[in-house]
Each structure stands twice: as C-alpha cells, then as structure tokens.
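Notes to accompany the following structure.
The values are calculated or read from the model by the stated rules, or taken from the named source; none is laboratory data. Worth saying up front: this structure is predicted, and the values here are computed from it rather than measured. Positions of Cβ are backbone-derived with ideal geometry, glycine not excepted, and every protein chain shown enters the neighbour counts.
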Amino acid sequence: MSDDTPPAERDDRPEESRRVRLSRTFDEDAELYDRVRPGYPPDLYDDLAEFTGAGPGHRVLEIGCGTGQATMPLAERGYRITAVEAGPSMAAVARRNLDGSPGVEIVTADFESWPLPEDPFDVAFAATAFHWIDPAVRMAKAAEALRSGGALAVVRTQHVSGGTEEFFVEVQRCYERFDPDTTPGTRPPEAADVDGSDHAREVARSGAFGPAAFRRYEQDLTYTAAEYLELLQTYSGHRALPEAARNGLLACVGGLIEGRYEGRVTKRYLIELAVAHRR
C-alpha cells in the first residue's frame, strides 16, 4: 500500500545506502513515471507565491525536479528556474517537457555534490523529493543556496484514509503475502493524524531558517485497475522487490480491483506545503 515513504533517516551507512538505492529506482522508467504520477493542486502554486513572496522573474532552485511535473507550472508563472535532477533519464524527460520554456535550466547532478552558483536564489523548492536528499546536507545546502530572507519550500505527499477505503484494508493481504517488510495491519492514517512536526523540527535544528508555515490539500484520484498497477510500478519500494514477488503483488492487487471493486478504486492524497525563510 505504501507510497514513496522514505526509509528511516539514520546516520548508519546501510540505511544511507538503502536511501540512495531506492532513490535511483525512479530513473529506471522515467517515461512511465512522467505519464502516471499525479501533479499538484493549482492552489499549491498560489500559496507558494503568497508564502514566499516570489513572482515572475524571481530565481527558483528546484531540488529533484523528476520529469518536471512541478517545474512546468512554475515556469508558466514566469519564474527563472534552475532544476537539479540526479537521474539522467528523468532529467532528459524534464528537458523535453520544458522545451521552449524560457528561463528554465535542467541540470543532471546530485544536489549534494552540485556546486552552487555564485548568485543566490529567491526560493529553493522541492516537490516530493526533499526526503531523498542526504539529511546531513540538505538543510545547510538549501540555506547556502538562498539569499537572506529567501524561502525553502518543501512539498510532501502521503496516502491517507479516504477514497475506496475498504480496498485499502483488503489489499493489505496482498502486501503481507508478497512484501516481507509489510507491517501487519497497516492502514492509511487519517489526514488529521498526519504530523508534520518532524519537518518543523528539522527546520528548527538547522538554525538557518525561521519557523515553517504549513498549508495542506487533499486530492482524490480514481484509477482503473490497469492505471493503478502502472502507478504502483513507479513506487520505489515496489520496484525494489524481487521480480517474482513484485509480479505476484501486482497480480494480487489487480485481481482484487477487478474482482471486488468493479475495476476502479479511488485513492486520497494529502499534500503538504511547508515554507520557511532563511534568517
């Protein structure tokens, strides 16, 4: 059932290696990722402009742009964007998607090792990507990239209770059968129970930013069985399963949707925008 929830962020090397390994799975099928991953609500971009004070002509550093799902709405608002993406295939699709957009540069590089330009940015923005950046580096480097008073804007996405709720209860049997890392009885949390305080604490610990301001959005998307299976194949945890287990899981999930839910399920997403200004 899981989305791309990051692994627990610890300092030991095995966990760090796992984080990097999982993050690289997205580049294996960039075209599929681009086609099936959902975008973000238009209100998010309105709130981003309000919270950051950024408008046309302001400089935005996008950290982990993927195939450009969030870059395109930013470009349409007239921002000057430098987007850094570690996956060469993802970056190539982003360049294609942003072809003809003035003021947009796509850089293929790990954010952690990418040399920052001399001119600071007005906004550092990461859409469902910041958790893949090395936690020992990401806050300090984002602050270094920004002018004084510039804003760090982080978008996080989570699957929450809602939509076709009974399906997400029943489908746990598929996960418990084919994914050994599944915790028995896992359920999507209620949106009200999702706690963003971990990010607020990370911002505070950095000492580089003022308090984070938050805004939340809920979004229901309906998928056919085939569409939902394609979506699952873009999640890092699913891609990392051994082939036999992954195929068994997908067959189990697809059979459940077709057999008990008339070929369609609705998934509810909670999208959270957090903005903090550099001191």
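Does segment 15-32 include one or more residues that are surrounded by 14 or more Cβ atoms within 10 Å (Cβ to Cβ), modelled with pLDDT of 95 or more and not acidic (D, E)? Yes - at least one qualifying residue is present in segment 15-32. Condition first: within 30 Å of T182 (Cα to Cα) and part of a helix (DSSP H, G or I). Can you find one or more residues in segment 139-149 that meet it? The answer is no; no qualifying residue exists. Please count how many residues of segment 60-118 are of a type in the set (S, T, N, Q) and either out of contact with any Asp or Glu (no Cβ under 9 Å at 6 or more places or on another chain) or part of a strand (DSSP E or B) (or both). Residues flagged as of a type in the set (S, T, N, Q) and either out of contact with any Asp or Glu (no Cβ under 9 Å at 6 or more places or on another chain) or part of a strand (DSSP E or B) (or both) within segment 60-118 amount to 3.
Picking from residues in segment 185-202 that are touching a residue at least 12 places away in the same chain (Cβ under 8 Å), in a loop (DSSP other than H, G, I, E, B) and not hydroxyl-bearing (S, T, Y), the one that is surrounded by the fewest Cβ atoms within 10 Å (Cβ to Cβ) is G185.
Looking at segment 27-75, which of its residues are within 17 Å of V154 (Cα to Cα) and among the aromatic types (F, W, Y)? Listed by number, the residues that qualify are Y40, Y45, F51.
Conditions (1) within 22 Å of E272 (Cα to Cα); (2) within 19 Å of the chain's Cα centre (by Cα), marked per residue:
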| site | (1), (2) |
| --- | --- |
| H58 | no, no |
| A94 | no, yes |
| D122 | yes, no |
| W132 | yes, yes |
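So how many residues does segment 228-279 have that are in contact with a helix residue (DSSP H, G or I) (Cβ under 8 Å, 6 or more places away or on another chain), hydroxyl-bearing (S, T, Y) and crowded, with 20+ Cβ neighbours inside 10 Å? Count: 3. Residue check: is L256 assigned to a helix (DSSP H, G or I), of a type outside the set (F, W, Y) and within 24 Å of R24 (Cβ to Cβ)? It is false that L256 is assigned to a helix (DSSP H, G or I), of a type outside the set (F, W, Y) and within 24 Å of R24 (Cβ to Cβ). Return yes or no: is A54 more than 16 Å from I271 (Cβ to Cβ), assigned to a helix (DSSP H, G or I), among the hydrophobic types (A, V, I, L, M, F, W, C) and modelled with pLDDT of 95 or more? No, not satisfied.
Here is a list: R246, R205. Which entry is in contact with a His (Cβ under 7 Å, 6 or more places away or on another chain) and part of a helix (DSSP H, G or I)? So the residue among R246, R205 that is in contact with a His (Cβ under 7 Å, 6 or more places away or on another chain) and part of a helix (DSSP H, G or I) is R246. Among residues of segment 208-229 that are within 21 Å of V155 (Cβ to Cβ), those with a Cβ under 6 angstrom from a residue that is at pLDDT below 95 and small (G, A, S), sequence gap 6+ or separate chain, pair up as F214/G196.
Among the residues here, R173 qualifies as over 20 Å from the mean Cα position of the chain (by Cα), outside any loop (DSSP other than H, G, I, E, B) and of a type outside the set (F, W, Y).
Please indicate, with yes or no, whether at least one residue in segment 156-176 is touching a Phe, Trp or Tyr at 6+ places or on another chain (Cβ under 9 Å) and closer than 30 Å to P120 by Cβ. There is at least one residue in segment 156-176 that is touching a Phe, Trp or Tyr at 6+ places or on another chain (Cβ under 9 Å) and closer than 30 Å to P120 by Cβ. Apart from one condition, S197 fits all of (1) under 21 Å from M139 (Cβ atoms); (2) polar (S, T, N, Q); (3) touching an Asp or Glu at 6+ places or on another chain (Cβ under 8 Å); the exception is (3). Within segment 239-279, the set of residues being without any contact (Cβ under 8 Å) to a residue 40 or more places away in the chain and small (G, A, S) comprises A244, A251, G254, G255, G259, G263. For segment 60-77, the set of residues classified as buried (at least 21 other Cβ atoms within 10 Å of the Cβ) and at negative phi consists of V60, L61, E62, I63, C65, T67, A70, T71, L74, A75, listed by residue number.
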